[in-house]
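**Student:** Dumping the structure here so I can ask a few things about it.
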Amino acid sequence: MMTMGIDIGSRSSKCVILDDGKLLTYGSIETGPNIHKTAQAAVDAAVQRRTSLWGEYRIKLPDVKTDHLKIEDMAFIVSTGYGRAIVPFAHRNITEITCHCRGAQWFVPGVSTVLDVGGQDSKGIRVGAHGEVADFVMNDKCAGGTGRFMEIVAEALHVPLAEIGPLSLKSTKDLPFSSTCAAFGRGAAVTMSKEGERKEDILNGLHEAIANRVMALVKKVGIADKFVISGGIGRNVGLVKKIEARLDGLKANLPQEPMIVGAVGAALFALDLAKKKDQADVSEKAAG
Amino acid sequence: MAVVGVDLGSQSTKAVILEGDKILGGASMQTGESAETEARMAVQEALKQTGLKREDLKAAVATGTLAVPVTAALNIAALKTRSPASCIATGAFFRFPQARTVLYVGCDSSLAVRMSAEGEVEESVKNERCAVSSGALLDILARMLEVPVEELGALSLQSTAPEKVSSRCVVFAEGEILSFIHKDPPVPVPDVLAGANQCIADGLWGMVQKVGVPSELLICGGVARNAGIVKAIEDRLGKPVLLPKQPQYVRALGAAVFARQMEKEGVAS
């Protein structure tokens, strides 16, 4: 039985297809202005196995053809993310907090705290004893602790987003990033650049600033073992290192593909719901 | 004796030449690659209006975000830097001694100052952490709507139904405003601008309230040329504000007043 999870994020959209709970395929695309089209394009990316947005696949997928799959082949579809309410073909939508909590447990069993930093928000989730969301905090008011800040600075320094992590690791100088506001990020980066500072050091300072921000956020729900980092920042080795340095010896667990955590959670909920629906159908038939 | 004040803003560099109580000239240059060059050029431009020569300038004070690197470039023996806050207060007090509160709004910084009746800074609040209370959003709007930034204010006053911006972050507001423009039919430009003005004015008003308005409020800085923002502040204040004719020069003027003081005290000799 195939189920689909689709996560329409503010910057990128991800689609995951599970076959009886096993990962069959996934894909991602940039979120466009039209959510209907974006949702369809995310499905196409999954069946055609494209993650053009992030380069290589990090999870080895089963060696079966998937490009013939259609939306109608899915037993159940759950949408999540900021555009979750307007996915036309979804049977149900579930908040991204709940889906990230579920998905994180699929990648890292026994997870206690999840830090998810996406394109335009950041959240901390505390997982309860039974895998439920025990507590969460969210920042979607200020771009300062989000991927958008990194994007703005990367652009100002003419460094591709995917490269800012590795580049920042080559830093040799502690250089505090002068702005905590993402809107000032461009100006701050350009000024430091003009003053002769190296990109490596500017980015290192940026990661330091963002790490402080997101750690202050996630501390509100409590940090406990196992600690999972998900979302776009999971692909930024520079920032992950800064976060690890602030964990008091705790290890940061990184899902192999940190950006699909929410979509995997949605697909798992879809599986639950599909089974429930099956049972309901069976009992209905029996009753009839 | 003529003196000069130079204000190195993040987007433009201004110079004001002062002799006694008379403003002889003023010029503004766009800030680009080199602060030194722009400072020199702004002073040169201002000098042109006065018939004076560089040697006639007996003292100079620089202020603004990049004040330090230019001190060597101006080639004026008596040159000091003063903090932006004190220059704003001094410049405002020079023009309108009745002002007790000053709201300065620049391209990416803003400041609210409360002064004593003698023009001394009593309390000030800066926007350093957040761009929402600055001109940053206006720049973005001008680019997005392809309207010159100077025309935004007048255009926003034509609005009949301002479109509310719910974001409190410039970065997110940009996305929200983009969705207004892409709506079918699109939100009329004046309504987009008026909505954005409310968003900016809310941030600024919060700063003004922190320092308080014991009597008159003066608005200056480049953003004070936007009539829509000024009106939005006046709506919150409940009465007209004091508005200098060329509000963008107030900070440079304050620097010039300090230079005059230096010259008087004989620091220049």
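**Student:** Spot the failing condition for B:Ser166; the list is (1) in a loop (DSSP other than H, G, I, E, B); (2) closer than 22 Å to B:Ile88 by Cβ; (3) of a type outside the set (A, V, I, L, M), and only one is missed.
**Tutor:** Going through the list (1) in a loop (DSSP other than H, G, I, E, B); (2) closer than 22 Å to B:Ile88 by Cβ; (3) of a type outside the set (A, V, I, L, M), B:Ser166 breaks only (2).
**Student:** A follow-up question, please. Within the range A:126-194, which helices (runs of 4 or more DSSP H) (wholly inside it) include 3 or more residues that are surrounded by fewer than 18 Cβ atoms within 10 Å (Cβ to Cβ) and within 12 Å of chain B (Cβ to nearest Cβ)?
**Tutor:** Output list reads A:182-194.
**Student:** Of B:Pro190, B:Pro162, B:Pro148, B:Pro186, which residue is out of contact with any Pro (no Cβ under 7 Å at 6 or more places or on another chain), within 14 Å of chain A (Cβ to nearest Cβ) and more than 23 Å from B:Leu111 (Cα to Cα)?
**Tutor:** B:Pro186
**Student:** Can you name the number of the only condition in (1) assigned to a loop (DSSP other than H, G, I, E, B); (2) within 13 Å of chain A (Cβ to nearest Cβ); (3) of a type outside the set (A, V, I, L, M, F, W, C); (4) over 18 Å from A:Ala182 (Cα atoms) that B:Ser179 fails?
**Tutor:** With (1) assigned to a loop (DSSP other than H, G, I, E, B); (2) within 13 Å of chain A (Cβ to nearest Cβ); (3) of a type outside the set (A, V, I, L, M, F, W, C); (4) over 18 Å from A:Ala182 (Cα atoms) applied to B:Ser179, the lone miss is (1).
**Student:** Sort out for me the strands (runs of 3 or more DSSP E) sitting completely within the range A:8-117 that have 3 or more residues that are outside the structural domain of A:Glu132 (by TED's automatic domain parsing) and over 15 Å from A:Leu268 (Cα atoms).
**Tutor:** The qualifying strands (runs of 3 or more DSSP E) are A:22-30.
**Student:** To continue, here is another question. Among the residues of the range A:190-198, is any within 30 Å of B:Gly135 (Cβ to Cβ) and of a type in the set (Ser, Thr, Tyr)?
**Tutor:** Checking the range A:190-198: at least one residue is within 30 Å of B:Gly135 (Cβ to Cβ) and of a type in the set (Ser, Thr, Tyr).
**Student:** Further, regarding this structure: Inspect all residues belonging to the range A:86-107 and state whether any of them is in contact with a strand residue (DSSP E or B) (Cβ under 7 Å, 6 or more places away or on another chain), more than 14 Å from every other protein chain (Cβ to nearest Cβ) and of a type in the set (Gly, Ala, Ser).
**Tutor:** yes
**Student:** Determine whether the range B:113-133 contains at least one residue that is part of a loop (DSSP other than H, G, I, E, B), touching a strand residue (DSSP E or B) at 6+ places or on another chain (Cβ under 6 Å), surrounded by fewer than 23 Cβ atoms within 10 Å (Cβ to Cβ) and at pLDDT 90 or above.
**Tutor:** Yes, the range B:113-133 contains a residue that is part of a loop (DSSP other than H, G, I, E, B), touching a strand residue (DSSP E or B) at 6+ places or on another chain (Cβ under 6 Å), surrounded by fewer than 23 Cβ atoms within 10 Å (Cβ to Cβ) and at pLDDT 90 or above.
Here is a yes/no grid of residues against (1) in contact with a Lys or Arg (Cβ under 9 Å, 6 or more places away or on another chain); (2) in a helix (DSSP H, G or I); (3) charged (D, E, K, R):
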| site | (1), (2), (3) |
| --- | --- |
| A:Met215 | yes, yes, no |
| A:Val218 | yes, yes, no |
| A:Gly222 | yes, no, no |
| A:Gly234 | no, yes, no |
| A:Val240 | no, yes, no |
| A:Gln256 | yes, no, no |
| A:Leu271 | no, yes, no |
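**Student:** Just to be sure, is A:Ala45 buried (at least 24 other Cβ atoms within 10 Å of the Cβ) and either under 19 Å from A:Lys277 (Cβ atoms) or of a type in the set (A, V, I, L, M, F, W, C) (or both)?
**Tutor:** So A:Ala45 fails the test.
**Student:** May I pose another question? Within the range A:104-149, restricting attention to residues that are at pLDDT 95 or above and touching a Cys at 6+ places or on another chain (Cβ under 7 Å), which residue is nearest to A:Ile233 (Cα to Cα)?
**Tutor:** A:Val114
The values are calculated or read from the model by the stated rules, or taken from the named source; none is laboratory data. What you see is a predicted model, and the numbers here were worked out from it, not measured in a lab. Using ideal geometry, Cβ is built from the backbone for each residue, glycine included, and neighbour counts are taken over all protein chains shown.
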